[in-house]
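Data first, discussion second: the structure below is written as structure tokens.
The values are calculated or read from the model by the stated rules, or taken from the named source; none is laboratory data. Nothing here was measured: the structure is a model prediction, and the numbers come from that model. As a convention, Cβ positions derive from the backbone with ideal geometry for all residues, glycine included, and neighbour counts pool all protein chains shown. Ligands, DNA and RNA are stripped out before the accessible areas are found, and what is left, the full protein with its side chains, is counted by its heavy atoms. Shrake-Rupley method; radii C 1.70, N 1.55, O 1.52, S 1.80 Å.
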Amino acid sequence: MRDNDPVTSATRQPETRTATTPPRLIATDLDGTLLRDDKSVSPRTIAALAAAEEAGIEVFFVTGRPARWMDVVSDHVHGHGLAICGNGAAVVDLHGGPGAHRFVKVRELARENALDAVGLLRDAAPGTVYAVEQTYGFHQEPAYPKLHMEVPDGFAPAEELLAPDSHTAGEPVLKILAHHPALDPDAFLTLARLAIGDRATVTRSSPSALLEISGPDVSKASTLALCCAERGISHEEVVAFGDMPNDVEMLTWAGRSYAMGNAHPDVLAAASGRTVANNDDGVAVVIERLLDERR
């Protein structure tokens, strides 16, 4: 969402065990959350992230973006340097800097499931067009609109791109993008979830009717939970931030969660707290308060 409704302050949590558990990890979405609308990271936010790391709190960037779009925050990674990309489809080490990231974990969308999802959604929503996001490549159907900041690697029908003998078959599929030119975004999401069922995970992060389709049970939340388990961090020790439907599961899973002031209604309902909008440094506002509480 991009509408920045004014909110005066972050919402303080009730005095429960979860709310008073010292945070060990901060998980934050990027677009519409950590980033301002001009895609910059404000000086205040940069300082808050650095202060959290200095205090021993790990910071994970958790985004729908592919790894190759992470240059916007590559200068601000500390410590472990890991980010969760593609709505949980990949864990990426950003320490190498722009263009030199390394995939640590890949949770791919099986081609059989992807083909099923494409066919089911074509039947349910005629006019849907597709793009295929892989670890390094990006291909799209000829009618897919120019929505992204790059030139596709190739053009072909989704069924051809996802075929077992396709020229793209040597590279894992992370997610499918499905765009409809006329449907309401939330109505399209509901329709797609009903049509595809458990064959894949369907969500959205765009203000347009653009859906993101990942492997079954792949989400920001499930991959974040795996990363936390590897570190011995419980969900009660996680503070999460988000603004769009692809953040809902993560915000529900985390011990403390904050919807941005510009968040989608489903996010406002899912989060345990609310902060100010992304353009007003809502993530930094909460981090500063969390650090003050530790002193």
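General observations
- Residues located in the stretch 267-288, provided they are over 21 Å from residue 38 (Cβ atoms), in contact (Cβ under 8 Å) with a residue 40 or more places away in the chain and open to solvent by 40 Å² or more (accessible area, probe 1.4 Å): 272, 274, 288
- The set of residues in the stretch 179-194 being open to solvent by less than 30 Å² (accessible area, probe 1.4 Å) and either outside the structural domain of residue 143 (by the TED database) or closer than 17 Å to residue 118 by Cβ (or both) consists of 179, 180, 188, 189, 192.
- Scanning the stretch 43-56 for residues that are within 20 Å of the chain's Cα centre (by Cα) and open to solvent by less than 10 Å² (accessible area, probe 1.4 Å) yields a total of 2.
- Flag if residue 126 is open to solvent by 60 Å² or more (accessible area, probe 1.4 Å), assigned by the TED database to the domain that holds residue 185 and farther than 19 Å from residue 217 by Cβ: yes
- Scanning the stretch 137-153 for residues that are surrounded by 14 or more Cβ atoms within 10 Å (Cβ to Cβ) and out of contact with any Phe, Trp or Tyr (no Cβ under 9 Å at 6 or more places or on another chain) gives 137, 138.
- For the stretch 195-207, a tally of residues being under 16 Å from the mean Cα position of the chain (by Cα) and either among the acidic types (Asp, Glu) or open to solvent by 30 Å² or more (accessible area, probe 1.4 Å) (or both) returns 3.
- Among (1) over 15 Å from the mean Cα position of the chain (by Cα); (2) within 21 Å of residue 131 (Cα to Cα); (3) buried (at least 21 other Cβ atoms within 10 Å of the Cβ), the one test that residue 256 misses: (2)
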